[in-house]
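S.K.: One structure follows; several queries about it will come next.
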Amino acid sequence: MSLNHYSITINAPFNNSCERIKEPSFWLTFLPGFDQLTSISESIYLIDLYLSLGPVSRKALLTFKFKPETKMTDVLFTFSSSNKSVSGLGQLTISQYSENAIQLKVSLDLQLKGKKSLLLTPLLPSVKESWAKNILNQVKFSLENEQ
């Protein structure tokens, strides 16, 4: 298991940003290959997306489960594919950077199981980086344009 961390500074108010990040439907749509989002409950979301691992791209149904968190600055989640061949965990953390700016940090781990996992595992760092950068850049764009 290898948790990777990525962050970005966003010119947006702290309280509003915390509220938006707590809404998974706000940022889950920014995952690369996103196709469809279905809310099952307040803490469970299904995501149809095209998961690309190098030259291999497959449609996947991922279940994201969000853990209730007492801190308003953290969002913790796990995810897995319907056939359990892809799983992982993640966290989004907001901190006050300056009076009118925040820092958003995304931490991700992604694992593969099955016959092809040894072949595709070396591609996971680039997938994690792609997911994190897409989320960070799209959240930045959205929050800065909401003001």
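Just so you know, all these numbers are worked out from the coordinates, no wet-lab data involved. Quick caveat: nothing in here was measured; it's all calculated off a predicted structure. Methodologically, a virtual Cβ is constructed for each residue, glycine included, from the backbone with ideal geometry; neighbour enumeration extends over all protein chains shown.
S.K.: Can you give the extra length, in nm with one decimal, that the chain gains between S142 and Q36 once fully stretched, where that is 0.36 nm per residue apart less the Cα-Cα distance?
M.R.: 36.3 nm
S.K.: May I ask you to give the average projected area over all directions of the convex hull of the Cα atoms of region 4-146, in nm² rounded to one decimal?
M.R.: About 8.2 nm², averaged over all directions.
S.K.: For helix 124-146, what angle does its Cα long axis make with the longest principal axis of the chain, in degrees from 0 to 90 and rounded to 10?
M.R.: Relative to the chain, helix 124-146 is tipped by roughly 30 degrees.
S.K.: For a quick check, take a GNM of the chain with Cα springs below 10 Å and name the residue from V106, V56, V127 with the largest mean-square fluctuation.
M.R.: It is V56.
S.K.: Using unit Cβ charges (K, R positive; D, E negative) and no other charged atoms, how large, in debye to the nearest 20, is the dipole of the chain about its Cα centre?
M.R.: Its charge dipole is roughly 740 debye.
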